[in-house]
Amino acid sequence: MSQINLEVVTKHCCLLGESPVWDDNQKRILWVDILTGEIHYYYPDRTEHKSFKLDQMVGAIAIRESGGLVAALKSEFVIINLNKEKIELISKVETFLSDNRFNDGKCDPAGRFWAGTMSISNKRYAGSLYSLEKDFSVNTKIIGVSCSNGMAWSPDYKTLYYIDTPTQNVVAYNYDIRSGSITDSRIVVSIPREEGYPDGMTIDTEGMLWVALWGGWKVIRYNPGNGKPLHQINLPVSQVTSCIFGGDKMEDLYITTAKTGLLKNDLIAQPLAGSLFILKKSGFMGIKSFEYKG
Ligand code: CA
């Protein structure tokens, strides 16, 4: 596969672009700028870009089945009506941990919304992974997380893959779709430091993992069955944060990036840092983003 189909989606550059979500009903791609508290959305068919600015950071978003979005803001779960620009609080978490904020999040195949936290000052093991249930209750799934990041569920819904960035690993858990319980963690992919820091992640219909590599200038497709890299997408920017498949045939790979933390010289060398990229007709197909059923 060549990379001639890699393009920038819009001219907008995020400070910390993250949480790309394909909304198949409205045929649009959504993503956030965590640090500026912005939700961006783009309709590829009519090349229209819109955004909504919140009054706080936004770690992750997902589509809500009954309309609108569910989101993990700095330390709270909310429902968002994008058209009316209205926000409704569901639940606060970690209110006693002011240094923490939500980071990556995603819906599971049963319609729960999972999101994890991290310490803003990068304290180790200060974060946790939570699930927002359909009845709006919140469960703690993993504690002692340093930087909660990529999540993906296997096509048979029996495995959760998860990334706590500083571990350099993708870990698999046995996942029970009915209860949402996760058990028996084991490392399935170990990523050498020189490749970058594993950040956001998605999965394709073959069950292979696509891991964005912060500081790594690329996304790598891994086989979780043997931990081996299969394929690599190179980007013209170093801080690659996450990716998701979308488009009419679920074969376009959208990739978010960041410019935060880059020095002046880096920014000159990487004028597209913070852009949303698209790899059209990637040659692979993704699984549609799950929706929140609460
Ligand atoms: Ca991330």
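The values are calculated or read from the model by the stated rules, or taken from the named source; none is laboratory data. Quantities reported herein were computed from a predicted structural model and do not represent experimental measurements. Note that we place each Cβ from the backbone using ideal geometry, even for glycine, and neighbour counts take in every protein chain shown.
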Original post:
Is segment 107-118 home to any residue that is within 16 Å of the ligand (Cβ to nearest atom), surrounded by 13 or more Cβ atoms within 10 Å (Cβ to Cβ) and more than 24 Å from Ile287 (Cα to Cα)?
Top reply: yes
Subject >> Cβ pairs under 7 Å, 6+ apart, first in segment 229-252 and over 21 Å from Trp22 (Cβ atoms), second of a type outside the set (Gly, Ala, Ser) and at pLDDT below 95 >> reply: Asn234/Gln3
Subject >> Scope segment 268-294; condition more than 14 Å from Lys218 (Cα to Cα), hydroxyl-bearing (Ser, Thr, Tyr) and outside any strand (DSSP E or B); matching residues >> reply: Ser282, Ser289
Original post:
Does Asp45 satisfy being assigned to a loop (DSSP other than H, G, I, E, B) and not polar (S, T, N, Q)?
Top reply: no
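Can you give me the number of residues within segment 234-267 that are assigned to a strand (DSSP E or B) and of a type outside the set (Val, Ile, Thr)?
Of segment 234-267, the ones assigned to a strand (DSSP E or B) are 234, 239-246, 252-258.
Now restrict to residues that are of a type outside the set (Val, Ile, Thr): 234, 239, 242-243, 245-246, 252-254, 258.
The number of residues fulfilling the criteria is 10.
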**OP:** Keeping to segment 144-180, report how many residues are on the phi > 0 side of the Ramachandran plot and either free of Cβ contacts under 8 Å to residues at least 40 places away in the same chain or within 14 Å of the ligand (Cβ to nearest atom) (or both).
**Re:** 2
Subject >> Identity of the residue in segment 212-233, touching a Phe, Trp or Tyr at 6+ places or on another chain (Cβ under 6 Å) and part of a strand (DSSP E or B), that ends up nearest to Leu6 (Cα to Cα) >> reply: Val219
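Restricting to segment 231-260, name every residue that is loosely packed, with under 14 Cβ neighbours inside 10 Å and either of a type in the set (Ser, Thr, Tyr) or touching a strand residue (DSSP E or B) at 6+ places or on another chain (Cβ under 7 Å) (or both). Lay out the reasoning, then the answer.
Taking segment 231-260 first, the residues loosely packed, with under 14 Cβ neighbours inside 10 Å are 234, 248-249.
Result: Asn234, single match.
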**OP:** Quick one: Ser282 ticks every box in (1) surrounded by fewer than 24 Cβ atoms within 10 Å (Cβ to Cβ); (2) farther than 22 Å from Gly105 by Cβ except a single one, so which number is it?
**Re:** (1)
